[in-house]
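The structure under discussion appears below in the form of C-alpha cells.
The values are calculated or read from the model by the stated rules, or taken from the named source; none is laboratory data. No experiment lies behind these values; they were computed from the predicted model shown. Backbone-built Cβ (ideal geometry, glycine too); neighbour counts: all protein chains shown. Heavy atoms of the whole protein, side chains included, go into the accessibility calculation; ligands, DNA and RNA do not. Shrake-Rupley method; radii C 1.70, N 1.55, O 1.52, S 1.80 Å.
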Amino acid sequence: MTSLAVNSLTSATATLPTPNVSDEEVLVSNSQQLTMSDVRQQGPISYERQLGDNELSYYLPSRAIGVNDMYLHLGFKAPKSRILRRRVRAVWAILRMRHPLLASKVVMRSYEDVRFVFHPPSSAEDALAEADGVLDFRSQSKDGTYPLVGLTEQATDSDDGDRVVDFELFICAAHFIGDGMALHQFANDFFGLLGSAGSPEELEQNVADEWKQRWAHPIPSDTPALPLSSDEKLGIEKHRFRRAAGQIDFQNFLRKQIGGQAFPRRCDPVRHTIVPTTSFKEDLTKVMLKKCKAQGVSISSALFAVCNIAYARMTSREKQELPMMMYAPINIRSYFPKAAQDSYWFLAVGYFNVVLPNFMPTSSDVSETFWHRARKAKEQSSRVASSPLIKSRIRAMAIMRGKQSRLWAKEDDEKAAGTWVPPPPTTDESSAPKHPSQALTGLSLLGNLDGIYKHANFPDIKLHTLTTGSRQRHSGMLIFGYTFAGKLWISFGYDENGFDRETIDLFWGNVHAAVHEFLT
C-alpha cells in the first residue's frame, strides 16, 4: 500500500500533480475475488486482521480512484554520498519490517469482512528485494512525471560524493493504514536512518538484524503481529449505564452541529486536485506566534477564525443568518493504552466540528471579533478533547461512518454493475434533520511539525520545504496549517473542477488577506 522512489531532478521547483493509482492500489481494489485460502497459499507464514469501522470508512471509498490517499513532499539538501540507492533501499526495508501495514495487502470478502494480510519476508535478502521492488530511483527534469513516492536529487555534473545538492522526498500512502502523524513520524525515522554515518554494508547488516529480531520466527498467537485498529484499542464499554450515557451524549453532540454555509459546487466527471501552498518567512512567523500567544490562542485556533472571516466577508447579508461549520480531525493516540506492538502506522483519528457566526460586525472593531472567534474555536476544540465521554463519542462516530461507508460502497458497486435500484422516498418526517448540518471546509491543523522532525539527529540533511495533503473526492476540499522549519505554512487542497473558480480564488485571497491583517 506504499512504494518508495528516488529521482534526480534538474529543478526543485516542479509542481506535484495528483498521483495516479498505483499497481498496488489496483490490486487492493480488485481483491474482492480472493479467498482467505488463496491468501494463505501465497506464502508459508501470513498474519491478518479485520479492518475496523474507521479504517473501513477510508478503504471502501478509495477502491476506485484512491480517494483520501495521503502524500508528503519534503525538500532538503544533503551530501550526494548519503542518498545512494543502496542506502535508501536498506532504510526502506528496515521501516517496512518495523511497520507491517506498509507491506500488507487488503483482502475483501464482503462489505462486513475486509482484512489486512501481511506476508513477512522470508529472509533479510527477501526484505531487501521486496523493498527494491517498490523503490524508484531516477534522474529527471522538472517536466517529468513524479511517482507515487519519491526522493529527488538535483542533477549535477560532479561525482563528488561530499557535494551538497538539493533533493526532494515524495511519500504516498493509503489513508486507511495510517494518518498524518504516522506519515510525519515515518519521514523523521527515514531521515534519521538515512542520515546516519553507517556505510551501505552496515545499513544492510541492520536489515539482517531487524529481520532476525522481528520476523525470523513466527509471532506467538497471543501477540498481535499487526497493529490493532483504533476500535480495538479503545475497546467496548461494558458498563450498561455508561454505554447508554455515551449514546445519549453522541446524539446530543450531533444535534449541536449546525452549519448552513457551503461553497457552490458544480458537477464535473473529471476530478483534478490542486494544492496551492503559501509559506511565511521565519521572522514573520515569530511575529504571528507572539501575537497569538498574547491573545491566549494557538496558530491552529487562529486559522479557524481566519477562514471564518475570509468567508463571511464574501457572503451577502441575507445569507449570514446561519452559522459556519468547519470540521477537523483530532489525534486520538493519547486515549489508547500502551501496547507491546511498537508500530505507529495505524489510523488514529477522530473528528470534531467548530461552529462560528457567519456575519461581520458593523460597529465593533473587526480585530476584536477575529480574536474573540479564535478564542471560541479554542474553547470548542478543548471541550471536545477534554470531554469525559470522548472515547464513547469516537466509538459511536466510527460505527456511524462504517455503516454509511458500507451502504455507499454497495450502492457504488451496484451502479457500476448496472443493478442499482433507487430506494423508495421516505415519508418519515421524524428522520429528517431539524437544521442544516453542512461543513464549509475541513481544516487539518498539524501544529508544530518541528517537534516531530528531530533535525539534530540528521545534521548533514537540511530540511527546508514540506507540503502535505490528501487526494480529494469529487468537489472535496481540505485546508492544512502547520509550522515547519520555523515557518508557518498553509495549503488548500481542492478539486478545482468541482467549484466555481472565481469563488474559490476570492476565498483563498481573503484567507491571505486575513492572515496579514490580523496575525502580522
Contacts under 6 angstrom Cβ, first residue in the range 209-237 being open to solvent by 40 Å² or more (accessible area, probe 1.4 Å), partner acidic (Asp, Glu) and at pLDDT 95 or above, 6 or more apart: ASP231/ASP53
Flag if SER279 is open to solvent by 50 Å² or more (accessible area, probe 1.4 Å) and under 27 Å from ASP179 (Cβ atoms): yes
Candidate set: the range 432-472, residues that are in contact (Cβ under 8 Å) with a residue 40 or more places away in the chain and charged (D, E, K, R); chosen: the one nearest to SER196 (Cα to Cα): ASP460
Verdict on ALA374 being assigned to a helix (DSSP H, G or I), open to solvent by less than 30 Å² (accessible area, probe 1.4 Å), out of contact with any Cys (no Cβ under 6 Å at 6 or more places or on another chain) and closer than 15 Å to GLY52 by Cα: no
Those residues of the range 353-371 which are aromatic (Phe, Trp, Tyr) and open to solvent by less than 20 Å² (accessible area, probe 1.4 Å), in sequence order: PHE370, TRP371
Members of the range 53-101 that are closer than 28 Å to HIS474 by Cβ and aliphatic (A, V, I, L, M): LEU56, LEU60, ALA64, ILE65, VAL67, MET70, LEU72, LEU101
Among the residues listed as LEU488, LEU506, the single one being more than 16 Å from the chain's Cα centre (by Cα), over 27 Å from GLY66 (Cβ atoms) and not in a helix (DSSP H, G or I): LEU488
Residues within the range 115-133 that are open to solvent by less than 30 Å² (accessible area, probe 1.4 Å) and under 21 Å from the mean Cα position of the chain (by Cα), tallied: 1
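Residue-by-condition table, conditions (1) surrounded by 21 or more Cβ atoms within 10 Å (Cβ to Cβ); (2) modelled with pLDDT under 95:
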residue: ALA432; (1), (2): no, yes
residue: PRO436; (1), (2): no, yes
residue: LEU463; (1), (2): yes, no
residue: SER470; (1), (2): yes, yes
residue: GLY476; (1), (2): no, yes
residue: GLU496; (1), (2): no, yes
residue: ILE504; (1), (2): no, no
residue: ASN510; (1), (2): no, no
residue: LEU519; (1), (2): yes, no
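For (1) at pLDDT 95 or above; (2) open to solvent by 10 Å² or more (accessible area, probe 1.4 Å); (3) assigned to a loop (DSSP other than H, G, I, E, B); (4) not charged (D, E, K, R), each residue gets a yes or a no:
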{"residue": "LEU289", "(1), (2), (3), (4)": "yes, yes, no, yes"}
{"residue": "CYS292", "(1), (2), (3), (4)": "yes, no, no, yes"}
{"residue": "VAL297", "(1), (2), (3), (4)": "yes, yes, yes, yes"}
{"residue": "SER300", "(1), (2), (3), (4)": "yes, yes, no, yes"}
{"residue": "PHE304", "(1), (2), (3), (4)": "yes, no, no, yes"}
{"residue": "ILE309", "(1), (2), (3), (4)": "yes, no, no, yes"}
{"residue": "GLU318", "(1), (2), (3), (4)": "no, yes, no, no"}
{"residue": "LEU322", "(1), (2), (3), (4)": "no, yes, yes, yes"}
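For every residue, the table says whether it meets (1) crowded, with 20+ Cβ neighbours inside 10 Å; (2) within 16 Å of LEU347 (Cα to Cα); (3) over 23 Å from the mean Cα position of the chain (by Cα); (4) of a type outside the set (Gly, Ala, Ser).
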residue	(1), (2), (3), (4)
GLY52	yes, yes, no, no
GLU55	yes, yes, no, yes
TYR59	yes, yes, no, yes
ALA64	no, no, no, no
HIS73	yes, no, no, yes
ARG86	no, no, yes, yes
ILE94	yes, no, no, yes
ALA103	yes, yes, no, no
VAL106	yes, yes, no, yes
Scan of the range 387-419 for residues that are open to solvent by 70 Å² or more (accessible area, probe 1.4 Å), among the basic types (Lys, Arg) and under 14 Å from GLY235 (Cα atoms), ordered by number: LYS391
Residue in the range 326-333 that is basic (Lys, Arg), open to solvent by less than 50 Å² (accessible area, probe 1.4 Å), touching a residue at least 60 places away in the same chain (Cβ under 8 Å) and on the phi < 0 side of the Ramachandran plot present: no
Residue in the range 228-249 that is closer than 30 Å to SER123 by Cβ and within 27 Å of the chain's Cα centre (by Cα) present: yes
Among residues of the range 439-461, those that are in contact with a Gly (Cβ under 8 Å, 6 or more places away or on another chain) and open to solvent by 20 Å² or more (accessible area, probe 1.4 Å), counted: 8
Selection within the range 337-352 - assigned to a loop (DSSP other than H, G, I, E, B), at pLDDT 90 or above and open to solvent by 20 Å² or more (accessible area, probe 1.4 Å): TYR344
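Each row is one residue, and each column tells you yes or no for (1) in a helix (DSSP H, G or I); (2) modelled with pLDDT under 90.
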residue: GLN213; (1), (2): yes, no
residue: ILE219; (1), (2): no, no
residue: PRO224; (1), (2): no, no
residue: LEU228; (1), (2): no, no
residue: LYS238; (1), (2): no, yes
residue: ARG242; (1), (2): yes, yes
residue: ALA245; (1), (2): yes, yes
residue: ILE248; (1), (2): yes, yes
residue: LEU254; (1), (2): yes, yes
Test result for PHE76, farther than 30 Å from HIS272 by Cβ, part of a strand (DSSP E or B) and touching a residue at least 40 places away in the same chain (Cβ under 8 Å): no
